[in-house]
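Engineer: Please read through the structure below; I'll follow up with questions.
Just so it is clear, none of the values below were taken in a lab; they were calculated from the coordinates. Bear in mind the structure is a predicted one, so any value in this text is a computation, not a measurement. Cβ sites come from the backbone with ideal geometry, for glycine too, and all protein chains shown count toward neighbours.
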Amino acid sequence: MSDKNLERETHVTFNDEEPTAHLFTCHKRIWSKMEKYGINPDRYHEDKEGKIFAMSYEIPKSWVSIRRPRRRTLTAEQKQVLTDRLAKARVKVKKGV
């Protein structure tokens, strides 16, 4: 991982008084999502050459959530069914069906 990737961050800030959260992000994937949702940046952050490296947004606080990852516990039989299904799908893709 390069130092440049380590420095790309996303910050979400909110408080009890305001109904919105403030989002600062250097990730283009998040820029695309915000554009898809019709949210325009409040501010563009540019480097010395004028290239945009980050954007700031104001979003509804209700969009901010922290979820625990879902983990499925499968039996050996369920794992085998999924393995067989995947193998079938791969054969279909290989054949171009």
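Engineer: Taking the Cβ of each residue in Met55, Met34 as the centre, tally the other Cβ atoms inside 10 Å and list the residues starting with the fewest.
Structural biologist: Arranged by neighbour count, lowest to highest, Met55, Met34 become Met34, Met55.
Engineer: Ok, one more. Chymotrypsin sites (Phe, Trp or Tyr not before Pro), restricted to segment 8-97: which are DSSP loop and have at most 11 other Cβ atoms within 10 Å?
Structural biologist: Those satisfying the criteria are Tyr37.
Engineer: Go from 0 up to the bin containing the longest alpha carbon distance in the chain, width 10 Å each, and give me the % of pairs per bin.
Structural biologist: For the chain, the pair-distance distribution reads 12, 27, 20, 19, 19, 3.
Engineer: Which entries of Lys33/Lys92; Lys36/Lys95; Lys4/Lys61; Lys4/Lys33; Lys4/Lys48; Lys33/Lys88 have Cα-Cα distances beyond 26 Å here? Could you put the intermediate results ahead of the total?
Structural biologist: Numbers: Lys33/Lys92 32 Å; Lys36/Lys95 35 Å; Lys4/Lys61 29 Å; Lys4/Lys33 22 Å; Lys4/Lys48 16 Å; Lys33/Lys88 34 Å.
Correct reply: Lys33/Lys92; Lys36/Lys95; Lys4/Lys61; Lys33/Lys88.
Engineer: Given DSSP loops and a limit of at most 16 other Cβ atoms within 10 Å, what is the longest stretch of the chain that contains no such GluC sites (Glu not before Pro)?
Structural biologist: 50-97
Engineer: Which value, in debye to the nearest 20, gives the size of the charge dipole of the chain about its Cα centre, when Lys and Arg are +1 and Asp and Glu are -1 at the Cβ? Don't skip to the end; give the middle numbers.
Structural biologist: Details: 22 positive and 14 negative charges, 276 e Å.
It works out to roughly 1320 debye.
Engineer: Right, something else. Considering the chain as a Gaussian network with a 10 Å cut-off on Cα pairs, which listed residue, Arg72, Arg29, Arg85, attains the greatest mean-square fluctuation?
Structural biologist: Of Arg72, Arg29, Arg85, the most mobile in the Gaussian network model is Arg85.
Engineer: Right, here's the next one. When the chain is modelled as a GNM with alpha-carbon springs shorter than 10 Å, which of Lys33, Lys61, Lys79 fluctuates the most?
Structural biologist: Checking each option, the largest mean-square fluctuation is seen for Lys79.
Engineer: In sequence order, what are the phi-derived ³J(HN,Hα) couplings for segment 53-69 according to the Karplus relation 6.51 cos²θ - 1.76 cosθ + 1.60 with θ = phi - 60°, rounded to whole Hz, with x for glycine and proline?
Structural biologist: Once rounded to whole Hz, the list reads 10, 7, 9, 10, 10, 10, 10, x, 4, 5, 6, 8, 8, 10, 10, 6, x.
Engineer: Taking only Cα atoms, what is the 0 to 90° angle, nearest 10, from helix 76-95's long axis to the longest principal axis of the chain?
Structural biologist: Tilt of helix 76-95: around 80 degrees.
Engineer: Cα extents of segment 7-63 along the three principal axes, largest first, in whole Å?
Structural biologist: Over segment 7-63, Cα extents along the principal axes are 37, 22, 18 Å.
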